[in-house]
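What follows is one structure encoded as structure tokens, with my remarks underneath.
What follows is calculated from the coordinates using simple rules that are stated; it is not laboratory data. What you are looking at is a predicted structure, and each value in this text was computed from that prediction instead of being measured. Because the Cβ atoms are built from the backbone with ideal geometry, glycine has one as well, and the counts that use them run over all protein chains shown.
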Amino acid sequence: MTNSDTIFTSTLDIEKLRKDFPILQTKVYGKPLVYFDNAATTQKPLSVLKNLEDYYKNYNSNVHRGVHLLSQQATDAYEQARKKVAAFINAAHDYEIIFTKGTTNSINLVASSFGKRFLTTGDEVLISEMEHHSNIVPWQLICEEKNAALKIIPVDNNGELIMEEFDRLLTEKVKIVALTYVSNTLGTVNPVRNIIQKAHAKNIPVLLDAAQAIQHIPIDVQELDADFMAFSSHKMFGPTGAGILYGKEKYLNAMPPYEGGGDMIKNVTFAKTTYNELPFKFEAGTPDMSGAIGLGAAIDYIQQTGIHAIQHAEEELIAYAYDQLSAIPSLRFIGNAKHRAGAISFLVGNIHPFDMGEILDKQGIAVRTGHHCTQPLMERFSIPGTVRASFSVYNTKNEVDALIKGIEKARKMLE
Ligand code: PMP
């Protein structure tokens, strides 16, 4: 933690910070919006909105292909955004940052491309029981194609990985471990450092799905020694449609292109096409320029606020929410991990999550209900879904109090 972060930690003024997010002033059914659906997508600060407007108003142009001024300005801004991402996660090289459409796209890229190069009959891919569908299905697709097997690290009743099972499953047959850093449903923060160390001891690379970590936890990919990492712009105050795949140079260079098209080639003839160098080899076609540049602005916003300060404020708020929710008699948490970030999932008595979600909505409180794209995890807990409150740095204790009141109202109506 740097000194400036320490100062921010004690001085982060949430009421002031909320003014950066115009949508937080919105009323829903005449009630102030309480937005607790941040794991699905976060709201955007004015600086990001202005950045997008500036791009389209002043220098919208296709990147990489033009000699004219606007194209150069767009290219510079796009490449600048790549540098910001690289610095934010401390990648060794800018060209290890691939712009994608989002986490789903990033994981599909690795599953398909790494899989084509490195998977063969009898190999295994190791994931966990708490993965989002986007870190399950791409691996199922490639495993089917390559006659490889998908192995699953189970979770215990608290929603934590059973590490003895991980140790047992981590055999020489495993060619890659693909794991979520933070569970979008349970909020569990997984011991990824330990997992990466153990996998590397057997020369097995690790992909981290950081969709729910990047906005809550400082991440240094070199220090963690992650081999791949995927995340989405829209979950970290940036625009939709853009995301990142970080990959170590040695793997990205060894993998075949994922998509073919413009920009990813060095030379095309009908007889043979050669491919561009990193990162362009994996960026076929016109990229989401405004999305990438907007993500750069979102990273500026996070850097100015301080990721350590954000983490500290959120941890305090989650601890408060957890305490308040614990006092509700018939409420049971789904997931009780010691180390959590972002989200809290729960069920109240026998109230169906959808009914709870609707009653809360009428009070202006946005939560998400259902399986959260983690159906195998729902099966593990023998439940159809949960109510999930997920937090961002702009949420307040008053909003948590509104949630508690809303739940009490639902209990009176439905229990
Ligand atoms: N992984 C996790 C853990 C997620 O929470 C999400 C989004 N809910 C995704 C992957 C997919 O992200 P996106 O839809 O932005 O591609």
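Below, the figures for the structure above:
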quantity: Ratio Rg/Rh, restricted to segment 3-104 and using Cα atoms, in which Rh is the Kirkwood radius; calculated: 1.05
quantity: Cα Rg, Dmax (largest Cα-Cα span) when computed across segment 208-362, Å; calculated: 21.2, 71
quantity: Cα centre as origin, Lys/Arg/Asp/Glu Cβ charges: segment 49-304 dipole, Debye; calculated: 600
quantity: Volume of the Cα convex hull of segment 317-415, divided per residue and given in Å³; calculated: 97
quantity: Residues whose placed amide H lies under 5 Å from that of residue 340, excluding near-sequence neighbours; calculated: 189
quantity: Rg over Rh, two decimals, the chain (C-alpha only, Kirkwood Rh); calculated: 0.98
quantity: Rg/Rh (Cα only; Kirkwood hydrodynamic radius) as it applies to segment 109-152; calculated: 0.93
quantity: Dmax and Rg, reported as Rg then Dmax, of segment 197-269 (C-alpha, Å); calculated: 15.0, 47
quantity: Ranked by how many other beta carbons lie within 10 Å on average, peptides 72-84, 365-377, 25-37 from highest; calculated: 365-377, 72-84, 25-37
quantity: Cα-based equivalent ellipsoid of segment 355-410: semi-axis lengths in Å, sorted from largest, via gyration tensor; calculated: 23, 14, 9
quantity: Coordinate range along principal axes, alpha carbons of segment 317-373, Å, largest first; calculated: 30, 27, 21
quantity: Listed residue pairs exceeding 31 Å between alpha carbons, taken from 57/272; 44/250; 116/198; 84/405; 250/338; calculated: 57/272; 44/250; 84/405; 250/338
quantity: Separation of alpha-carbon centers, segment 344-415 and segment 39-53, rounded to whole Å; calculated: 25
quantity: Charge dipole of segment 49-304 about the Cα centre (unit charges at C-beta), most positive-ward option of 89, 255, 102; calculated: 255
